[in-house]
Amino acid sequence: MKMPFLTLAQAREIKKTYPTPFHIYDEAGIRRTARALNAAFSWNRGFREYFAVKATPNPAILKILKEEGCGVDCSSLTELMMSDRCGFHGHEIMFSSNETPAEEFQLADRLGAIINLDDLTHVDFLYETLGHVPETVCCRLNPGGTFTLGESKEGFQVMDNPGQAKYGMTPDQLVEAFRKLKGLGAKRFGIHAFLASNTISNDYYPALARILFRTAADAVARTGCDIAFINLSGGVGVPYRPEQPANDIAVIGEGVRKAFEEVMVPAGLGDAAIFTELGRFMLAPNGHLVTTAVHEKHIWKEYIGVDACAANLMRPAIYGAYHHITVLGKENEPCDHDYDVVGSLCENSDKFAIDRSLPRIDMGDILVIHDTGAHGFSMGYNYNGKLRSAELLLKEDGSVELIRRAETPEDYFATLVW
Ligand SMILES: *Cc1c(COP(=O)(O)O)cnc(C)c1O
């Protein structure tokens, strides 16, 4: 059973100060997750998690992760600016962007960030933009084809399509990029790839690591470049559905260690660091979207209207993603009602749940939508003139802190020219 980290009594108390809907994050859970990840990779001396800022771009979250030894992975100008203001410096910042504007490379370089190049053509672009290339630089690999793991009768446990993805360079282009960068003065190199998203498998990182480790060994043989790190990027998933098994990060770390011993050490690359850029794994389960049932409707189906909508959480509307729902205070009641739980957008895709078996919902009931701590608030938008909600932090001592106020109509109108 998926249990919320918030009780009905806590939610009622919070609601007195911060009306629903709001996103709330669990500091204790975030720290626990970060510590488990760091422990799983403690065998690697240079290991660092670069939290994918795009998942949950909030200074309070970034500062917690900084205290746990994490760096940040940025994808845009504002994420770089936020990370700088949060006190991340130099190689604590990874800059993994694509179709990158010149000013973003300039800021990343000024901050001393590690720049992760998405394409061979970006080598010249970077050199022309900066007038130099950084001494440490990373290149993103796209091995093409399909990436699959764990075939069974039901299909593949993990399947994704790098050959159809816009990211990264081919293996030959990567070697060419290394040669060029070396010629322009780069001294230390990293290799990065992101081959599958939200993987529920302890085998994803080890399989990806093997691909990257072999690529590294091959690149060293062909270019004589010094490999400083391998960046496994994001993609370790979370069980959004209650029946899904959770990944075991300790098993994942051990699987990567084995591949490291088998491929990297014999290739003389045993000093290389392992980096990760997890977003979802770090934060998704440590965030809830909290919303109140405000209307019910009985037509061809049973509908519960809530005060949150797809503007607060887009994943169900755009991916058909499942997010578990708990009716607070009714955790142990039978799920003997079938509902569509819907938001107020003029969009029929604005449904947090379809045909979901839940306890009987009464107006005023507070619902927790689970696993919204990553790619939740941050994907929000203003369609229908909807305003972004507040973000709150449930601190380790049980107190609640406002870490982003809710938008007001003035915010929404602020950019308009009347
Ligand atoms: C989105 C992204 C991540 C984080 O992905 P998760 O699925 O949240 O783990 C990491 N690295 C890059 C380059 C990304 O684009």
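The values are calculated or read from the model by the stated rules, or taken from the named source; none is laboratory data. Every value quoted in this text rests on a predicted model; they were computed, and no experiment measured them. Note that we place each Cβ from the backbone using ideal geometry, even for glycine, and neighbour counts take in every protein chain shown. Accessible surface areas use protein heavy atoms only, side chains included; no ligands, DNA or RNA. Shrake-Rupley method; radii C 1.70, N 1.55, O 1.52, S 1.80 Å.
Taking a Cβ cut-off of under 9 Å around Leu392, the surrounding Lys, Arg, Asp and Glu residues balance to a net charge of -1, with basic ones at +1 and acidic ones at -1.
On the basis of the beta-carbon distance and an R0 of 30 Å, Ala250 and Arg222 show a calculated FRET efficiency of 0.30. DSSP beta bridges fully contained in the chain are about 45 percent antiparallel.
For Thr56, the residues 5 or more places off, or on other chains, whose built amide H falls under 5 Å of its own are His375. With a simple spin-label model that places each label point 7 Å from the Cα along the Cα-to-Cβ direction, the separation between Glu262 and Ser357 comes to 4.2 nm. When a 1.4 Å probe is rolled over the protein heavy atoms, the share of accessible surface on the range 337-386 that falls to carbon and sulfur comes to 46 percent.
Please report the carbon-and-sulfur percent of the accessible area for the range 27-284; probe 1.4 Å, protein heavy atoms only, DNA, RNA and ligands left out. Carbon with sulfur: 47 percent of the solvent-accessible area. Applying 1/(1 + (r/R0)^6) with R0 = 25 Å to the Cβ-Cβ distance of Lys16 and Asp397 gives a FRET efficiency near 0.85. Taking a point 7 Å from the Cα of Asn98 along the Cα-to-Cβ direction, the residues of the range 41-56 with backbone N closer than 17 Å to it are 52-55. Annotation: extensible slack from Leu416 through Asn348 equals 21.7 nm (criterion: 0.36 nm per residue apart, minus Cα-Cα distance). Rounded to the nearest 20 debye, the dipole magnitude of the range 27-284 is 400 debye, with +1 charges on Lys and Arg beta carbons, -1 on Asp and Glu beta carbons, and the Cα centre as origin.
Could you calculate the FRET efficiency of Asn332 with Arg214 from 1/(1 + (r/R0)^6), where r is the beta carbon distance between them and R0 is 30 Å, rounded to 0.05? With a Förster radius of 30 Å, E is 0.05. Under a 5 Å amide H cut-off, with hydrogens placed 1.01 Å from N, Arg404 pairs with Glu391 among residues at least 5 apart or on other chains. A crude spin-label estimate for the pair Lys166 and Arg179, with each label 7 Å from Cα along the Cβ direction, gives 2.9 nm. For the range 312-340, list residues with backbone N below 19 Å from a point placed 7 Å from the Cα of Asn382 toward its Cβ? Flagged as within label range: 312-314.
For Glu302, nonlocal amide neighbours, meaning residues 5 or more places apart or on other chains whose placed amide H falls under 5 Å from its own, are Asp340. Shown are His298, His132, His323, whose ranking by accessible area with a 1.4 Å probe and every protein chain present, most to least, is His298, His132, His323. Calculated accessible area for the range 27-284 comes out at 40 Å² per residue, all protein chains present (probe 1.4 Å; ligands, DNA, RNA ignored). Note on Lys2 and Glu243: the extension gain reaches 85.8 nm, defined as 0.36 nm multiplied by sequence separation minus the Cα-Cα distance. Take the Cα coordinates of the chain, assign each an equal point scatterer, and use the Debye formula without solvent to give log10 I(q)/I(0) at q = 0.10 Å⁻¹. For the chain, the Cα-only Debye profile gives -0.72.
The string of couplings for the range 302-317 from the Karplus curve (6.51, -1.76, 1.60, θ = phi - 60°) is 9, 10, 10, x, 10, 7, 8, 8, 4, 5, 8, 7, 8, 4, x, 5 Hz, one whole number per residue in order, with x for Gly and Pro. With θ taken as phi - 60° and the Karplus curve 6.51 cos²θ - 1.76 cosθ + 1.60 applied, the whole-hertz 3J(HN,Hα) list for the range 270-280 is x, 8, 5, 8, 9, 10, 10, 9, 6, x, 4 Hz, x standing for glycine and proline. Electrostatic tally near Asp203: other residues with Cβ closer than 12 Å to its Cβ, Lys and Arg +1, Asp and Glu -1, net -1. Put a plus charge on the Cβ of each Lys and Arg, a minus charge on the Cβ of each Asp and Glu, and nothing anywhere else: the dipole of the range 258-369 about its Cα centre is then about 120 debye.
Taking a spot 7 Å from the Cα of Asp271 along the direction of its beta carbon, which residues of the range 201-238 have an amide N less than 15 Å from it? Correct set: 225-230. Taking 0.36 nm per residue of separation and subtracting the Cα-Cα distance, full extension of the segment from Thr408 to Ala39 would add 128.6 nm. Based on the Stokes-Einstein relation at 4 °C and a viscosity of 1.567 mPa s, and on the Kirkwood radius from alpha carbon pairs, the range 48-95 is assigned a translational diffusion coefficient of 129 µm²/s. Note that the range 329-341 has calculated 3J(HN,Hα) couplings of x, 10, 4, 10, 8, x, 8, 10, 10, 9, 10, 9, 9 Hz, one per residue in order, obtained from phi through the Karplus relation 6.51 cos²θ - 1.76 cosθ + 1.60 (θ = phi - 60°); glycine and proline are x.
For the listed peptides 341-352, 260-271, a ranking on the average number of other beta carbons within 10 Å per residue, highest first, reads 341-352, 260-271.
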